[in-house]
Each structure stands twice: as C-alpha cells, then as structure tokens.
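Student: Next up is a structure, given as structure tokens.
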Amino acid sequence: MTIAAQTSLPAARAAESQIPKAAREAGFAALVMLGLSFPILALRTEQNMSNELILTSRWSWALIACIAVFIARFVQILFRSALAKTLTVFGSLVLLGGLARAAGAAFDTFAASVFAIGVALVALGLVWERRAATTPPSTRTAAERFAWFAPAKPYVAPFALGLLAAYPLLALAAVGQGGSIKWIDNFGIQILIYIMLGWGLNIVVGLAGLLDLGYVAFYAVGAYAYALISTQVIPATFPGLGVWAFWICLPISGLLAALWGILLGFPVLRLRGDYLAIVTLAFGEIIRLVLINWVDFSNGYAGISSIPRPSFFGVPFNASDEGFAALFGLEFSPIYRTIFLYYVILCLALLTAFVTVRLRRLPVGRAWEALREDEIACRSLGINTTNTKLTAFALGAMFGGFAGCFFAARQGFISPESFTFLESAQVLAIVVLGGTGSLLGVVIASIALVGGFEILRELDFLKQVFGESFDPTQYRTLLFGLSMVLIMLWKPRGLVSTREPTAFLKESKAVSSSLVKEGHG
Amino acid sequence: MSASLQTRTAAPLLQVDHLTMRFGGLVAINDLSFEARAGDITALIGPNGAGKTTVFNCITGFYKPTEGMITLTHPDGSSYLLERLPDFRINWRAKVARTFQNIRLFQGMTVLENLLVAQHNPLMIASGMTFLGVLGTKGYRESSRKSIEKAEYWLEKTGLVERADDAAGDLPYGAQRRLEIARAMCTDPVLLCLDEPAAGLNPRESLELNTLLRSIRKDHGTAILLIEHDMSVVMEISDHVVVLDYGTKIADGTPEEVRNDPRVIAAYLGVEDEEVEEVEAEVEVVAEQVEAEHKA
Ligand SMILES: Nc1ncnc2c1ncn2[C@@H]1O[C@H](COP(=O)(O)OP(=O)(O)OP(=O)(O)O)[C@@H](O)[C@H]1O
Ligand SMILES: [Mg+2]
C-alpha cells in the first residue's frame with residue numbers, strides 16, 4: 001500500500017508539471033482550429049428565397065469545434081493511457097453534443113441523457129487514467145497478456161464461420177421477411193463483396209507487396225464479362241442455357257480477369273514502387289474510360305441492364321410454376337434470392353480465403369512474401385521474380401473477376417459509374433487498415449468501413465442532437481478520412497499487426513509486423 | 001610453391017576473362033582476369049572502393065559487364081557463360097550463391113522460412129508448379145519434409161537451430177550473417193560468393209566463421225569466393241588471394257606471396273587512411289602468427 005503510494009507520487013507530480021505545457025499546446029491547437037473553422041464553419045453563405053446570397057454565422061459550431069480540439073489535445077498530452085484518452089475525448093464530445101442540443105432546442109430528457117452519458121464517459125476516462133498513472137507500466141509481452149485467450153483460439157474460426165452461415169436465418173428470425181432483406185443485402189452481401197475483394201487484393205498488396213491502385217479494373221472486367229456474355233452471347237447462341245448463365249460465366253469472368261492481369265502485368269511488373277502504383281492507377285482509369293466511350297461494345301454511360309440473375313442451379317427465382325418457390329412449395333418472395341445470393345458470395349469469399357491460406361504455405365506463396373521482403377535476395381536465390389509477381393497479379397485479378405461477375409448478377413444492372421477509382425481506394429484501404437497480409441484484418445476492416453457506412457444511414461437519433469437537417473450519410477467521406485488517420489496513428493501497421501509463419505520447427509511464433517516489410521513494387 | 005603448383009593444375013571452376021565494368025566515366029573494374037578453382041577458397045581483397053562488390057555483382061548477374069567473359073565449369077563438365085544468364089538462372093542453373101555486404105534477409109519471415117524460400121525451385125517442381133501442392137499429394141509432402149530437414153541441417157551447422165522459429169530480423173548481427181550463409185547453402189551451390197562475411201563480427205564469431213567456411217569446403221566440396229577486410233580470416237583460410245586496387249588486379253597468388261608483394265603493401269599504405277594502416281598492422285600480426293605456427 002505504502003509502496004504503491006510512494007511510487008505513484010513522482011508520477012502524479014510529473015503529471016502536474018505537465019499541466020501548463022498541455023494547456024499551452026492545447027490552446028495553440030484551439031487557435032489553429034479557430035483559424036480553420038472561421039471560414040468553413042463560422043461563416044456560411046446561403047441562397048434565400050429571392051436567389052440572393054446571404055451570409056449566416058454559426059459561431060456556436062466554431063466554438064464547439066475549438067473546445068473539442070482543446071480537450072483532445074490537452075488530454076493527448078497529459079494522459080498516458082490510450083484507453084483513458086479515448087474515453088475522455090469521446091465523453092467530452094458526447095457532453096458537448098448534449099450541451100449543443102440544450103442550447104439549440106431545449107433542455108429536455110434527451111439532452112439530459114446525452115449529457116449524462118458524456119459525464120459518465122469522462123469520469124470513467126479520468127478514473128482509468130488515475131489507475132494507469134499509479135500502476136507501474138506492464139512488462140508483459142502481448143503474448144502473455146492474451147494468454148487467457150489462447151484456449152479459445154481454435155474455436156474462433158469455426159464460430160465465425162457458423163455465425164456467417166447462420167446470419168441470414170438469424171436476420172430473418174429477428175426482423176422478419178420484410179425487414180431482413182435490407183440486413184442481408186445491404187450489410188451481409190455488401191460486406192462480403194468487399195471482404196472478397198479485400199482478400200483478392202491482399203494477395204497482390206499484402207503478400208507480394210505490389211501496390212495496385214487499379215484493382216477495380218479487374219472487378220469491371222469480371223462484371224462486364226458476365227453482363228455481355230449473358231445478355232448477348234448466350235441468347236444468340238444457346239438460348240436454352242439462359243438459366244445457367246451465371247454458373248457458366250463465373251469461371252469465364254475469373255479467367256478473363258486473370259488474363260487481363262497477365263497482359264497488364266507483363267510489361268508493368270518490371271516497374272517498381274511508385275511507378276507500378278501509377279501505371280496500375282492509369283490502367284484502372286483506362287478500362288473505365290473505354291467502357292464509357294466504346295458505346296457499341298459496352299453501351300457507354302447508359303450501362304447494361306436486365307442482366308439475368310443467378311438461378312438456383314438451373315431453377316430460376318421467379319413466381320412461375322418452375323420457379324424456386326413453387327418447386328419447394330413455398331410462397332413466392334424476393335427474400336429467397338437474396339439469401340441465395342448471400343450464400344453464393346459467402347462461398348466465393350471462402351474460396352478466396354481457402355486458396356490464399358493454402359498457397360501461403362506452398363513455395364509460391366512463400367516466394368510472394370519473400371518478394372515483399374527483399375526482391376534482390378530473391379533473385380540471388382534463383383527465384384524468377386517476374387513470374388512470381390505475375391502469378392500473384394493474375395490470381396488477385398481472378399478473384400476480382402469472380403467478385404465482379406457476382407456483382408453484375410446481383411445488381412442486374414451495371415454501368416462504368418460502379419468502377420471508379422474510389423472503389424479501388426476503398427478496397428486498398430480495407431487491406432491496409434486490416435494489416436497487410438492478414439485475412440482476419442480484412443474482415444474486421446470491411447465490417448468497420450462498409451458496415452459503418454451503412455450504419456450511418458440508421459443513425460436517425462443524431463438528428464435529435466444536430467437538428468432535423470442533419471444527414472449523417474453526408475459525413476461519410478469525412479468520417480472515412482478521420483477513421484483512417486486515427487487508426488494509422490493508433491495502429492500504424494493495421495488492425496492485425498502480426499504475421500503467422502508458414503512453417504515451423506518447434507512452435508509457431510507470430511512475427512511482429514514491425515519487422516515485416518510493406519514491399520516496394 | 002609446389003603445393004600451389006599442384007592446385008593450379010586442378011580445373012578452374014570459375015574463370016573471369018578481361019572483365020571490365022564502367023559506370024558512365026567511372027571504371028569500376030578494369031580488364032580483370034582471374035581463376036577460382038574447385039574446392040578452393042579464393043579471397044578477393046583490396047582497399048575500399050576497389051571494385052570487389054562490383055565483381056560479385058557481375059558474377060552473380062546483378063550487373064551486366066561492359067566487356068569480358070565469365071565462365072563457370074561444373075565438375076561434371078557442363079559450363080555456363082555467366083554474363084549471359086539472367087540473375088535468377090545463375091543461382092538455379094549455374095549453382096552460384098551469394099551473400100550481401102549489407103545483409104539482405106527476409107526479416108519479417110522466420111529463420112526457417114528464410115531457408116525454405118532458398119529451396120524454392122526444387123520445391124516448386126515437387127509441388128507440380130503449385131497444382132499438386134494444393135492437392136497435398138504424397139510426393140509433395142515428402143519433399144516438403146525433406147526441405148525442412150535440409151534447413152535443420154544448416155541451422156545446426158550454423159548454430160541457429162534454437163532460433164529457427166524466430167523472425168530473422170530479431171537475430172543479433174552475427175547470427176544474421178550466419179543465417180545468410182546457411183540460406184545461400186540451401187541452394188546447393190558449387191560456388192559460394194561471400195561479401196565481407198566477417199564484417200561486424202567479434203573475434204570469437206570470426207573464428208567460428210573460419211570453422212564454418214572450412215567445413216563447407218571440406219564436407220560439401222563447395223568452392224568459396226570471399227571478399228574480406230579482416231586479414232585474420234583471409235590469411236587463415238584462403239588458398240588463393242586476388243588483390244584489386246582501383247578496379248585493376250595488382251597481385252594474384254597464395255596468401256604468403258600476396259602478403260609480401262610490394263605493390264600490395266603500397267596499395268594499402270599508399271592511401272593515407274587510418275583504416276588502411278590498421279589493416280596493414282593486422283596483416284603483419286597475422287603473418288607473424290602464421291609463421292610462428294609453421295615453425296611449431
Ligand atoms: N551501380 C553503380 N553505379 C555507379 N557507380 C558504382 C555502382 N556500383 C559501384 N560503383 C562504384 O564502383 C566503385 C567500386 O565499388 P565497389 O562497391 O565494388 O567497391 P568495394 O571494393 O566493394 O568497396 P568496399 O570495400 O567499400 O565494399 C566505387 O567507386 C563505386 O562508387
Ligand atoms: Mg563492397
């Protein structure tokens with residue numbers, strides 16, 4: 001007891017002496033914020049009824065922003081525990097939200113509860129910081145700290161798989177047929193598409209260390225391959241195969257995308273680092289521009305519509321007598337197709353994961369990772385680096401093509417709009433945020449980014465805080481950028497920042513990612 | 001003298017003829033010719049910037065020489081013109097392996113994985129270019145097991161078996177140097193090119209290195225081409241020394257011949273540099289030691 005008190009004393013004193021410094025720094029940051037918010041937040045031009053521009057001021061917004069920055073910077077300097085920092089800053093923001101509501105509308109029960117939550121969070125943060133300051137810094141390694149988790153480890157993957165498999169049924173049970181379409185389609189299928197794209201790109205970026213900024217090109221190749229073959233080639237040649245279109249085109253799309261990957265890769269993979277990134281970026285744009293301008297081929301901006309939807313292995317999902325519902329004696333409902341699509345993309349994604357896991361342990365996968373670590377050393381060991389890069393590129397492209405084919409079949413309509421650079425950037429962000437090379441990281445990052453965007457639509461209660469005109473979805477990009485910056489500060493190597501070895505002699509020890517290279521082309 | 005005559009009659013494993021390498025106006029190697037014989041340890045020495053690493057880069061295909069010919073003749077008689085092969089074939093076909101002056105390990109991979117990557121080509125064939133490997137056929141599992149055994153053999157030989165499952169980047173410096181040699185040996189080379197393997201090693205580690213290099217030569221018949229500044233290593237273990245200065249060969253012979261060559265002494269002394277003087281002092285000390293040993 002006394003020892004604890006003694007050791008805590010110097011720490012507490014040190015913290016006290018930090019207060020003026022922290023206040024000074026925070027004041028400076030708030031000043032900067034004031035300068036920034038003055039033109040952006042405080043003054044705003046609006047058009048009035050007679051189309052005149054009028055200047056309105058929103059000084060309270062600027063004030064809140066400055067206070068928020070002050071608190072964040074103050075806490076960041078003064079506190080040592082990351083959790084305490086997060087709690088305090090987040091709590092202060094909630095508290096400010098409560099205040100804003102009280103000032104803007106009325107001090108009703110809603111404002112009071114928001115206010116209370118904020119106070120509770122701040123208090124929790126302060127208590128936690130107190131605890132962190134008085135306990136000596138832990139010397140345990142990450143492995144020791146997570147030792148309690150070790151026995152559960154083998155069950156994580158089966159449990160996650162079971163959850164994924166049961167998800168549509170759970171959604172159905174929870175919110176019924178009408179409500180669950182949104183949950184299965186917007187959340188389940190959408191996230192799984194990005195997980196699959198992330199896993200595909202992970203082969204190229206995460207394992208082989210080749211920065212590919214034009215991954216969406218292969219997604220587009222897959223999507224247009226399915227759209228064009230199923231709407232033009234199959235009806236003209238074998239109309240009887242119409243119901244099977246998706247299953248025939250799925251491998252074709254993947255192979256076509258892989259072929260494009262090889263065609264592009266052959267000249268390009270001699271380039272390194274930034275050059276490779278720029279050329280792949282350009283390739284992505286070229287594909288999109290060709291799709292826009294070659295109207296005879298791709299129907300330009302108008303896109304391709306009425307793309308056949310996948311069938312249940314030859315049984316279409318429609319209300320006819322041969323349809324899925326009739327065949328299985330069910331009442332017709334669009335939910336069956338959605339659930340089926342969910343399982344299709346789940347299987348495709350799992351195929352990607354399976355192949356990645358398998359290949360990582362084979363010589364080719366090890367060569368990819370070695371290439372990311374040191375290309376010159378690879379060449380000195382007799383590895384044909386061009387071929388090795390090409391296999392990674394082609395394989396990544398192939399999974400992009402599969403995903404594209406699925407996307408076209410799910411939407412029933414595609415246009416070049418769906419294949420912009422932003423899409424490549426988002427998939428790349430998922431891979432980088434997840435921790436390059438980590439399959440689990442990609443899953444977490446996809447759920448956070450894609451699911452997070454979808455969640456924004458659901459956050460109606462924020463309207464009560466910020467007023468009726470507040471639309472959270474408009475802040476997508478802002479939040480996207482902010483979360484990227486925060487995660488890169490907090491975990492610069494991504495969410496899952498260890499690498500599992502592919503072979504071991506006695507025991508498999510995870511490699512800290514501070515040693516793992518990102519690759520340089 | 002007679003001993004050196006005998007070794008000279010053995011077939012030259014590596015023959016470098018009139019090798020010239022220019023970088024723009026800079027002549028890094030100037031009309032260099034020398035031989036390395038099978039089963040020998042050939043040392044390539046010279047002051048800083050003499051062009052030693054450039055010679056290695058030409059032999060291992062990282063640079064294409066401006067002029068000259070590099071011929072490698074295997075014990076079975078097949079021969080390769082190294083200046084015409086792409087770098088990865090020089091290792092895979094001509095069986096020349098190398099290490100780097102500034103260590104190039106796969107730092108984020110474990111020690112064992114480093115040695116498995118070195119066996120990429122045979123494993124790739126065993127895995128049927130990946131297709132059989134995905135299916136996990138018996139043949140592939142067998143060769144995969146063998147590759148781990150081979151890695152284990154080299155780990156034991158280099159004293160790294162305890163660290164097999166640690167990241168290569170976590171090893172201390174001396175161990176990283178040894179791992180790089182083990183990795184090169186996993187490609188079954190006939191010629192092993194070591195670029196300053198003793199740099200940064202303490203005297204004890206240096207001694208262990210001598211033992212390792214000797215055993216590589218004796219037990220595996222691998223010839224070694226060695227760049228080294230540490231004269232205790234060079235004079236101890238090499239059969240044949242080639243001295244470079246400003247890209248030109250100034251001496252070529254047994255360690256004793258080279259040590260007493262006035263041009264070599266001048267090259268090391270001619271540059272007013274403390275480091276060179278140190279080297280010079282070392283040469284003398286070691287020479288005395290060797291002489292004392294010979295008398296004993
Ligand atoms: N890629 C290159 N481009 C231009 N000049 C080069 C290149 N590589 C080497 N050189 C030059 O060639 C000369 C010989 O360099 P090299 O690295 O072969 O010397 P070294 O004998 O290995 O020296 P050290 O003992 O310091 O390793 C140096 O002057 C160097 O600057
Ligand atoms: Mg050198």
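The values are calculated or read from the model by the stated rules, or taken from the named source; none is laboratory data. None of the values given here were measured: they were computed from a predicted structure. Methodologically, a virtual Cβ is constructed for each residue, glycine included, from the backbone with ideal geometry; neighbour enumeration extends over all protein chains shown. Please note that ligands, DNA and RNA were not included when accessible areas were found on the heavy atoms of the full protein model with its side chains. Shrake-Rupley method; radii C 1.70, N 1.55, O 1.52, S 1.80 Å.
Student: Please sort by residue number the chymotrypsin sites (Phe, Trp or Tyr not before Pro) in segment A:309-365 whose DSSP state is loop and whose Cβ has at most 11 other Cβ atoms within 10 Å.
Tutor: Values: sites: A:F312, A:F313, A:F317, A:F324, A:F328, A:F332, A:Y336, A:F340, A:Y342, A:Y343, A:F354; in loops: A:F313, A:F317, A:F328, A:F332.
Hits after loop and neighbour filter: A:F313, A:F328.
Student: Out of the chymotrypsin sites (Phe, Trp or Tyr not before Pro) in segment A:69-114, which ones are loop residues according to DSSP with at most 14 other C-beta atoms within 10 Å? Present the calculation step by step, with values, prior to reporting the outcome.
Tutor: Numbers: sites: A:F70, A:F74, A:F79, A:F90, A:F107, A:F110; in loops: A:F79, A:F107.
Sites meeting the loop and neighbour criteria: A:F107.
Student: Let me ask you something else. Could you tell me, in Å, what Rg and Dmax come out for the Cα atoms of segment B:108-184?
Tutor: Considering segment B:108-184 through its Cα atoms, Rg and Dmax are 13.2, 40 Å.
Student: Taking the convex hull of the alpha carbon atoms in chain B, what volume per residue do you get, in Å³?
Tutor: Values: hull volume 44.1 nm³, N = 296.
It comes to 149 Å³ per residue, whole-number rounded.
Student: Considering only protein heavy atoms and a 1.4 Å probe, what is the carbon-and-sulfur percentage of the accessible area of segment B:108-184? Mind dumping the intermediate values first?
Tutor: On the way: 1780 of 3000 Å².
Answer for segment B:108-184: carbon and sulfur cover 59 percent of the accessible area.
Student: Tally Lys and Arg at +1 and Asp and Glu at -1 over the other residues with C-beta under 12 Å from the C-beta of B:E113: what net charge comes out? Let's see the in-between values first.
Tutor: Numbers: positive: A:R360, A:R361, A:R366, A:R499, A:K509, B:R183; negative: A:E369, A:E373, A:E500, B:D165, B:D166.
That sum, taken over residues with Cβ under 12 Å, equals +1.
Student: Of all the accessible heavy-atom surface of chain A, with the other protein chains kept in place and a 1.4 Å probe, what percent is carbon and sulfur? Can you show the working numbers first?
Tutor: Numbers: 18310 of 26270 Å².
The value for chain A is 70 percent carbon and sulfur by accessible area.
Student: May I ask you to compute the full-extension gain from A:L440 to A:L479, defined as 0.36 nm times their residue separation minus their alpha-carbon distance, rounded to one decimal in nm?
Tutor: Values: separation 39, 0.36 × 39 = 14.04 nm, distance 2.27 nm.
Gain in length upon complete extension: 11.8 nm.
Student: Please report the relative contact order for chain A, taking Cα pairs under 8 Å with a sequence separation of at least 6, and give it as a percent rounded to a whole number. Numbers along the way, then the final one.
Tutor: Working: 737 pairs, mean separation 97.6, N = 521.
Once normalised by length, the contact order is 19 percent.
Student: For chain B, what does the accessible surface come to per residue with a 1.4 Å probe? Please give it in Å². Walk me through the intermediate numbers first.
Tutor: Working: 12910 Å² over 296 residues.
Computed with neighbouring chains in place, this is 44 Å² per residue.
Student: Given labels modelled 7 Å from the Cα in the Cβ direction, how far is it in nm from A:I19 to B:D17?
Tutor: 8.5
Student: To the nearest 10 square angstrom, what accessible area does A:W294 show with a 1.4 Å probe?
Tutor: Its heavy atoms expose roughly 130 Å² to the probe.
Student: With every protein chain left in place, what is the accessible area of B:K95 in Å² (1.4 Å probe, nearest 10)?
Tutor: Looks like 50 Å² after rounding.
Student: So if I average 1/r over every pair of distinct C-alpha atoms in chain A and take the inverse, what Kirkwood radius in Å does that give?
Tutor: 26.5
Student: Considering only C-alpha atoms, what is the centroid distance from segment A:278-350 to segment A:198-213, in Å?
Tutor: Cα centres, segment A:278-350 to segment A:198-213: 25 Å.
Student: Then there's this: As a test of reading the structure, rank B:S147, A:S57 by solvent-accessible area (1.4 Å probe, protein chains only), most first.
Tutor: Descending order: A:S57, B:S147.
Student: What residues does segment B:104-123 have that are buried by at least 30 Å² of accessible area in the full protein assembly compared to the chain on its own, 1.4 angstrom probe?
Tutor: Buried on complex formation: B:R104, B:F106, B:Q107, B:G108, B:M109, B:T110, B:L112, B:E113, B:L116, B:V117, B:H120.
Student: When only the heavy atoms of the protein chains count and the probe is 1.4 Å, how do B:D219, A:D108 rank by accessible area, highest first? Display every interim value, and only then the final one.
Tutor: Numbers: B:D219 85, A:D108 50 Å².
Descending accessible area places them as B:D219, A:D108.
Student: Note down the relative contact order for segment A:2-136 as a percent, whole number, built from C-alpha pairs under 8 angstrom at least six residues apart. Write out the running numbers ahead of the final one.
Tutor: Working: 160 pairs, mean separation 35.0, N = 135.
About 26 percent, as a whole number.
Student: Where only protein heavy atoms count, and the probe is 1.4 Å, what is the accessible area per residue for chain A in Å²?
Tutor: Normalised by residue count, the accessible surface of chain A is 50 Å².
Student: While we're looking at this one, here's another question. Chains A and B: what accessible area do they bury, summed, in square angstrom to the nearest 100, with a 1.4 Å probe? Walk me through the intermediate numbers first.
Tutor: Working: alone 27940 and 14520 Å², together 39180 Å².
Chains A and B together bury approximately 3300 Å².
Student: Might you work out the accessible area of B:D40 for me, using a 1.4 Å probe with all protein chains in place, and round it to the nearest 10 Å²?
Tutor: For B:D40, solvent-accessible area is about 10 Å².
Student: What average count of beta carbons from other chains do you get within 10 Å of the Cβ of residues in A:509-517? Before the final figure, lay out each step's value.
Tutor: On the way: counts 6, 2, 11, 4, 1, 4, 8, 6, 5.
Across A:509-517, the average partner-chain Cβ count within 10 Å equals 5.
Student: Can I ask one more? Could you bin all the Cα-Cα distances of segment A:320-461 into 10 Å bins starting at 0 and give me the percent of pairs in each, rounded to whole numbers?
Tutor: Calculated over all Cα pairs of segment A:320-461, the distribution is 9, 27, 32, 19, 9, 3, 1 percent.
Student: So, one more: Could you work out the longest stretch of chain A that avoids the GluC sites (Glu not before Pro) located in DSSP loops with at most 12 other Cβ atoms within 10 Å?
Tutor: Between exposed loop sites, the widest span is A:53-321.
Student: Which value results for Rg/Rh of segment A:2-136 when Rg is the Cα radius of gyration and Rh the Kirkwood radius based on the inverse mean 1/r? Mind showing how you got there, number by number?
Tutor: Working: Rg = 19.1 Å, Rh = 16.9 Å.
Reported Rg/Rh, Kirkwood definition of Rh: 1.13.
Student: Rounded to the nearest 0.05, what FRET efficiency do B:T137 and B:L81 have when you use their Cβ-Cβ distance and R0 = 35 Å? Walk me through the numbers on the way to the answer.
Tutor: Working: r = 37 Å, r/R0 = 1.06.
Calculated transfer efficiency: 0.40.
Student: Going through the DSSP H helices of chain A, which span 18 Å or more along their own axis at the Cα atoms while scoring at least 0.0 as a mean Kyte-Doolittle hydropathy?
Tutor: A:2-37, A:59-78, A:82-104, A:109-134, A:153-182, A:245-268, A:273-293, A:335-360, A:385-411, A:421-434, A:476-490
Student: Compute, for chain B, the length of the dipole vector about the Cα centre, with Cβ point charges of +1 (Lys, Arg) and -1 (Asp, Glu) only. Units Debye, rounded to 20.
Tutor: Taking the Cα centre of chain B as origin, the dipole is about 1820 debye.
Student: Give the residues of segment A:471-491 whose amide nitrogen is closer than 18 Å to a point set 7 Å from the Cα of A:T56 in the direction of its Cβ.
Tutor: A:471-472, A:474-475
Student: Do the alpha carbons of any pairs in A:K153/A:K517; B:K95/B:K249; A:K491/A:K517; B:K157/B:K218 sit beyond 19 Å of each other, and which pairs?
Tutor: A:K153/A:K517; B:K95/B:K249
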